[in-house]
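Working notes, beginning with the structure itself.
The values are calculated or read from the model by the stated rules, or taken from the named source; none is laboratory data. In this text the structure is predicted, and so the values were computed from the model without any measurement. We place every Cβ from the backbone using ideal geometry, glycine too, and count neighbours over all the protein chains shown.
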Amino acid sequence: MNEFVQLSPEVAAARADGRPIVALESTIIAHGMPWPQNLETAREVEDVIRAEGAVPATIAVIGGRIRVGLTNEELQQLAQSPDAMKLSRRDLPFALATGRLGATTVAATMICAHLADIAVFVTGGIGGVHRGGAESFDISADLQELARTPVAVVCAGAKSILDLGLTLEYLETHGVPVLSVGQDNFAAFFTPDSGLKADFRMDDADTQARFIRAKWALGLSGGVVVSNPVPAAQAMPREEIDAITAQALAEADHQGIQGKAITPFLLARIKALTGGRSLATNIALVKNNARVGAQLARALQKQA
Amino acid sequence: MNEFVQLSPEVAAARADGRPIVALESTIIAHGMPWPQNLETAREVEDVIRAEGAVPATIAVIGGRIRVGLTNEELQQLAQSPDAMKLSRRDLPFALATGRLGATTVAATMICAHLADIAVFVTGGIGGVHRGGAESFDISADLQELARTPVAVVCAGAKSILDLGLTLEYLETHGVPVLSVGQDNFAAFFTPDSGLKADFRMDDADTQARFIRAKWALGLSGGVVVSNPVPAAQAMPREEIDAITAQALAEADHQGIQGKAITPFLLARIKALTGGRSLATNIALVKNNARVGAQLARALQKQA
Amino acid sequence: MNEFVQLSPEVAAARADGRPIVALESTIIAHGMPWPQNLETAREVEDVIRAEGAVPATIAVIGGRIRVGLTNEELQQLAQSPDAMKLSRRDLPFALATGRLGATTVAATMICAHLADIAVFVTGGIGGVHRGGAESFDISADLQELARTPVAVVCAGAKSILDLGLTLEYLETHGVPVLSVGQDNFAAFFTPDSGLKADFRMDDADTQARFIRAKWALGLSGGVVVSNPVPAAQAMPREEIDAITAQALAEADHQGIQGKAITPFLLARIKALTGGRSLATNIALVKNNARVGAQLARALQKQA
Ligand SMILES: [Mn+2]
Ligand SMILES: [Mn+2]
Ligand SMILES: [Mn+2]
């Protein structure tokens, strides 16, 4: 195991016993949800994974170590540290070398999960190509990480603030498979259907696991996207989220907001315009992903 | 050898004897040409390779295995299976995990050839950046495969339906060398001259082989494009193929065809507008590539 | 050590003694500066590195070998060979296989330094995304090399002829960290401040070295950009270089210069429009980078 990686007692015991482990990111805790829902959700998501017979391993950088599995106190520390660093691939060495507290994005969590030999990682949504990304080159490092690092990422697709069509094209060029659970199309975070076809529909964990095992047995580098749509009961209507996104884009245009400032502006406006409902949807989809991720980790373990 | 790879008796014997082997793709058989020309061409191309003193290894996924070298019956099965999966990097694990019949594209054939330790692969033309690809991100996974996988791909350039200038820029950024045989310029599939310079002209197989050996001896990842223009006698005039491409593009625009639908539409229209002549040209260029590929495989073997 | 790599006696002795080594490129000698300033500068830059307690290793391809460390005679030979090949990743095997004389760009020098197990490389400026690169795909292979090859590249940023914003976005997507010395912003070659934030400011060599060691200890592939602004006393005013760049762009537009011809045209015009002053600035920034690079190599050695 890499010198920087430290497993929690719970995760180390699971590893020793050969039980399935599921990685979780920490940006959603430090930056993605408000207090105290962030801490409550983090604990509930871990419990969903335990209830499905797997062991959760929330990942963060604390005290110059990659911590794989956090105590309740550490989860709380992150949940009350909105000033924690947001770590992508380029930032990870900084937090490790300086001892700064860091919450891991999709890209960094993939790296850390792989270093800890964990094959399944559950998040809310992946990053992607931003609208206008063909001109601005604003493309999340998550996509290159998926092209490189062999981890299956269970998500509810990607946010509609992104250009989902360009995101899928980018993944196709880089040979990253997109599996879809329960429907043919790629999911769109707050709403189940992006209107764009995923590569393969695979509803059950055993089928997903066989695909993933075949990919890695071939020596094909890189990850797999497991797109799991938010349950209909907790979803936001596509027309509504599309209208809100369009309104936020119009406001950005009207206020002359440009470049790097656009994304945080849009996310903040969408949050405000959806009221508390988007938070409820966000919590629901993460729990739903935790269930699918735990089942996938069990299936992978069983086929080992 | 990877667990999924199965060599045919002919290929296994060649390997044991240290004879040169040339990989061939199967998408051209299942999807690239009509019956029965597809089967006839597949056999004739294999014979060209044998006549040049090398052993052909046509690659496909059959029964959950990567088959390297096919029997006549298997070639016929593929030639009569237009519903075979078209496999790129992301799809390969699916065909292996499910047992589906699959024909390999340039990207997937490179992967399989490398798994079977075959250094030379002969095809018709590589994929590339589609026209409008800077906006649509429609860029073939073949280019990323060339950036990664150490196989020499002998082709007649890339189809004029693509943006050949952007394709060459993409290869340059990713450090993929483009060697040209018999002329300075990159080939353009149905017609010899794209009007764009390749990186190096290398007419004979020994020179090509020394370059390729030096690249891999340096540990430089990735492939090499060997651009081999269609012989003048079988080529289509550049003005004609450019005019036909322009007409097909105008028709697509007029009929409001957009996005993913454009490429199949253009290929079908060009086929119709050129009549049978494009098929004859296609067959001629593949045989011409087989000859060059076999000579290269022999030169590489000799220098080993 | 790779079969193609040949260390000079000075570099081999440094390696045997465990002394720090700094790689230098040779394109700046063969193509980047006029005679005799190119030879004088090459020698002075080497002396700066020696004065800082490290050993310089100028890299070039001579006689079919990657020469790491050159004699005074060999430096002179390169300085008087404007017809030497300009080698990037795709070209390196050609010069090795044919015995042609070759000067190494940033990408090729990174490859050769890594083959010789040298972790720090000093240059003037890195390549990047060209203006209009979102449409033309004219993106230097240096950026992909930074994404892959584990070498720290000390530079004064990148030339203002490039689109520095797109260059930084591309590096971000590919997870390449950009460290800045003495200021928060990325440097802009002739002028200290690009107006764009780097990822991390790190003024001292020990801090830089700890970051770089942490990155590589994590197994994260790829390089690190160390952006070191030209000293204010030798810099050109930003308004002046911006105005000259704008004038050169307008001339290119007016004269109908397009595509691949634009970059050499702009570089030549900027050189002419700045008179000898741009050469003096160029020499000053390279020496300044040599000092920072030598200190970094010592710090990395000390922490080994
Ligand atoms: Mn970005
Ligand atoms: Mn495509
Ligand atoms: Mn270029």
Item to check | Boolean, A:G133 is under 16 Å from the mean Cα position of the chain (by Cα), within 14 Å of chain B (Cβ to nearest Cβ) and either of a type in the set (D, E, K, R) or within 16 Å of ligand 1 (Cβ to nearest atom) (or both) | outcome: no
Checklist entry - Just one of B:T98, B:T105, B:T109 is within 13 Å of the chain's Cα centre (by Cα), away from ligand 2 (no atom under 16 Å from the Cβ) and either within 9 Å of chain A (Cβ to nearest Cβ) or β-branched (V, I, T) (or both); which is it? => result B:T109
Item to check | helices (runs of 4 or more DSSP H) enclosed by region C:130-217 - at least 3 residues per element that are over 22 Å from C:I49 (Cα atoms), within 16 Å of ligand 3 (Cβ to nearest atom) and of a type outside the set (A, V, I, L, M) | outcome: C:133-136, C:141-148
Checklist entry - If we keep just the residues of region B:136-167 that are of a type in the set (D, E) and in contact with a Lys or Arg (Cβ under 8 Å, 6 or more places away or on another chain), which is farthest from the other protein chains (Cβ to nearest Cβ)? => result B:D163
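Please work out if A:G124 is within 12 Å of the chain's Cα centre (by Cα) and either within 16 Å of ligand 2 (Cβ to nearest atom) or farther than 30 Å from A:A14 by Cβ (or both).
Numbers: within 12 Å of the chain's Cα centre (by Cα): yes; either within 16 Å of ligand 2 (Cβ to nearest atom) or farther than 30 Å from A:A14 by Cβ (or both): no.
It is false that A:G124 is within 12 Å of the chain's Cα centre (by Cα) and either within 16 Å of ligand 2 (Cβ to nearest atom) or farther than 30 Å from A:A14 by Cβ (or both).
With respect to A:F186, determine if the residue is among the hydrophobic types (A, V, I, L, M, F, W, C) and either within 16 Å of ligand 1 (Cβ to nearest atom) or farther than 18 Å from A:E240 by Cβ (or both). Write out each step before concluding.
On the way: among the hydrophobic types (A, V, I, L, M, F, W, C): yes; either within 16 Å of ligand 1 (Cβ to nearest atom) or farther than 18 Å from A:E240 by Cβ (or both): yes.
Considered against the rule, which asks whether it is among the hydrophobic types (A, V, I, L, M, F, W, C) and either within 16 Å of ligand 1 (Cβ to nearest atom) or farther than 18 Å from A:E240 by Cβ (or both), A:F186 comes out as yes.
Sort out for me the helices (runs of 4 or more DSSP H) sitting completely within region A:220-304 that have 1 or more residues that are within 30 Å of A:D204 (Cα to Cα). Walk me through how you get there before you give the answer.
Numbers: elements: A:238-254, A:262-274, A:277-302.
The helices (runs of 4 or more DSSP H) meeting that bar are A:238-254, A:277-302.
Within region B:181-199, restricting attention to residues that are buried (at least 19 other Cβ atoms within 10 Å of the Cβ) and closer than 22 Å to C:S140 by Cα, which residue is farthest from the other protein chains (Cβ to nearest Cβ)?
So, considering only residues that are buried (at least 19 other Cβ atoms within 10 Å of the Cβ) and closer than 22 Å to C:S140 by Cα, the one farthest from the other protein chains (Cβ to nearest Cβ) is B:F186.
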Checklist entry - Only one residue in A:T173, A:T167, A:T149 is closer than 19 Å to A:F200 by Cα and either within 16 Å of the chain's Cα centre (by Cα) or within 16 Å of ligand 1 (Cβ to nearest atom) (or both), so which one is that? => result A:T167
Next on the checklist: Taking the criterion of being surrounded by fewer than 24 Cβ atoms within 10 Å (Cβ to Cβ), among the basic types (K, R) and free of Cβ contacts under 8 Å to residues at least 60 places away in the same chain, would at least one residue in region A:91-114 satisfy it?
Outcome noted: yes
Item to check | Close pairs from region B:2-31: first under 17 Å from B:A51 (Cβ atoms), partner of a type in the set (S, T, N, Q) and buried (at least 24 other Cβ atoms within 10 Å of the Cβ), Cβ under 7 Å, at least 6 apart | outcome: B:L24/B:T58
Next on the checklist: I want to confirm something. Restricting to region C:53-82 and keeping residues that are under 20 Å from the mean Cα position of the chain (by Cα) and assigned to a loop (DSSP other than H, G, I, E, B), which single residue is farthest from C:N38 (Cα to Cα)?
Outcome noted: C:A54
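Looking at B:A141, B:A156, which one is away from ligand 2 (no atom under 16 Å from the Cβ) and among the aliphatic types (A, V, I, L, M)? Give the derivation first.
Details: B:A141 fails: away from ligand 2 (no atom under 16 Å from the Cβ).
Going through B:A141, B:A156 in turn, the sole match is B:A156.
In this structure, does B:C155 turn out to be over 26 Å from B:G195 (Cα atoms) and of a type outside the set (K, R)? Lay out the reasoning, then the answer.
Working: over 26 Å from B:G195 (Cα atoms): no; of a type outside the set (K, R): yes.
When the stated conditions are applied, B:C155 does not pass them.
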Next on the checklist: Checking C:P82 against (1) within 30 Å of B:E135 (Cβ to Cβ); (2) at pLDDT below 95, only one condition comes out false. Which one?
Outcome noted: (1)
Next on the checklist: Return the pair list, or none, for Cβ contacts closer than 7 Å from residues in region B:168-179 that are facing chain C (nearest Cβ under 7 Å) to residues that are small (G, A, S) and part of a loop (DSSP other than H, G, I, E, B), at least 6 apart or on different chains.
Outcome noted: B:G175/B:G222; B:G175/C:S88; B:V176/B:G222; B:V176/B:G223
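Name the residues in region C:267-295 that are more than 19 Å from C:L24 (Cβ to Cβ) and of a type outside the set (A, V, I, L, M), would you?
Filtering region C:267-295 down to residues more than 19 Å from C:L24 (Cβ to Cβ) leaves C:267-278, C:280.
Those that are more than 19 Å from C:L24 (Cβ to Cβ) and of a type outside the set (A, V, I, L, M): C:R269, C:K271, C:T274, C:G275, C:G276, C:R277, C:S278.
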